[in-house]
Every structure is written in structure tokens, then in C-alpha cells.
Amino acid sequence: MTDNASLPPTKGPVPMGATLLTAGGIAAAFGLASCCALPFFLAGLGIGTAWLGEVGLLAAPHRIPIMILSAVLLTGGAVLLWRQQRAAATCAEGKCAPPLLRLLTLVGLLIGACLLWAGYTYA
């Protein structure tokens, strides 16, 4: 038998669950908002929106499932981020998600929530 006490400590894996769920929620919310809200917003900024027509046409028939999927993914990302924040208060150095990753996940959640709201409101 080997003695585990003599082995050097190893870094745990970086928790990416919240980030991946958030990225999926942003993608789904982007598809939802691409039909109506994003073209208005981007045109107001002076950015061409012709490329959004294809995305909007593909997403329009599946509007309700995409909205549900986006809400579920963003909610799951928020729950996992909340758990990461709680664990970060007590975890050892290098064992939990870095603060920058948690901040970027929070920003992604806010962007996804805004896209979800815009896609729901302006469709």
C-alpha cells in the first residue's frame, strides 16, 4: 500500500458547470432574440443586421422550446454560480473556481437574462 500523506497535493479541476450552462443559455437566448429584438438594437447602434435573418428564421418555429431551454440553462448556471460563491468562502487556494471565472459567468448570466427578456418581450 502507498501512503497518500507523502504525495504532493494536487489541484482540483476548475468547476466549469456554471460557465457551460451560462454559455448554453446565452446561445439559446441569442436565437430567441435574433428574430425581433436584436435587429432593432443593433440597427440602433448602426450595425448591419442582415446576417440575423437566417438565425431568426431557423429559431422562429421553435420559439417556446428555445425560451424554456434558455431559462432552464440560465437558472442552472445561476444556481451553480451561487454554490461556487458559497464554496469560495471556505475553499483552499486553487481548489475552487477563480474569481475572474466567477465574474465572467455572472456577466454572462446578466447578458443571457437580458437577451431572454428581449426575445420574450419583443417577439
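The values are calculated or read from the model by the stated rules, or taken from the named source; none is laboratory data. Just so it is clear, the model here is predicted, and its values are computed rather than measured. Quick reminder, even Gly has a Cβ in these numbers, built from the backbone with ideal geometry, and neighbours come from all protein chains shown. With ligands, DNA and RNA removed, areas are computed over all heavy atoms of the protein, side chains included. Shrake-Rupley method; radii C 1.70, N 1.55, O 1.52, S 1.80 Å.
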TODO: Go through 70, 6 for me and flag whichever is of a type in the set (Ser, Thr, Tyr), out of contact with any strand residue (DSSP E or B) (no Cβ under 7 Å at 6 or more places or on another chain) and modelled with pLDDT under 90.
DONE: 6
TODO: Look through 97, 78, 50, 123 and report the one residue that is part of a loop (DSSP other than H, G, I, E, B), within 16 Å of the chain's Cα centre (by Cα) and either at pLDDT below 90 or within 15 Å of residue 15 (Cβ to Cβ) (or both).
DONE: 97
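Output the number of residues of segment 40-54 satisfying the condition of being in contact with a helix residue (DSSP H, G or I) (Cβ under 6 Å, 6 or more places away or on another chain) and either touching a residue at least 12 places away in the same chain (Cβ under 8 Å) or open to solvent by 70 Å² or more (accessible area, probe 1.4 Å) (or both). Steps first, answer last, please.
First, pick out the residues of segment 40-54 that are in contact with a helix residue (DSSP H, G or I) (Cβ under 6 Å, 6 or more places away or on another chain): 49, 52.
The next check asks that each one be either touching a residue at least 12 places away in the same chain (Cβ under 8 Å) or open to solvent by 70 Å² or more (accessible area, probe 1.4 Å) (or both); those that pass are 52.
Residues flagged as in contact with a helix residue (DSSP H, G or I) (Cβ under 6 Å, 6 or more places away or on another chain) and either touching a residue at least 12 places away in the same chain (Cβ under 8 Å) or open to solvent by 70 Å² or more (accessible area, probe 1.4 Å) (or both) within segment 40-54 amount to 1.
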- [ ] Examine segment 49-60 for a residue that is closer than 28 Å to residue 17 by Cα and among the charged types (D, E, K, R), and state whether such a residue exists.
- [x] no
- [ ] Check 33, 18, 37, 59 and return the single one that is touching a Lys or Arg at 6+ places or on another chain (Cβ under 9 Å) and surrounded by 17 or more Cβ atoms within 10 Å (Cβ to Cβ).
- [x] 18
Task: Selection from segment 67-108 of residues that are closer than 19 Å to residue 34 by Cβ and crowded, with 17+ Cβ neighbours inside 10 Å - done: 67, 69, 70, 71, 73, 74, 108
Open item on the list: Among the numbered criteria (1) within 15 Å of residue 20 (Cβ to Cβ); (2) not in a helix (DSSP H, G or I), which one does residue 109 miss?
Closed with: (2)
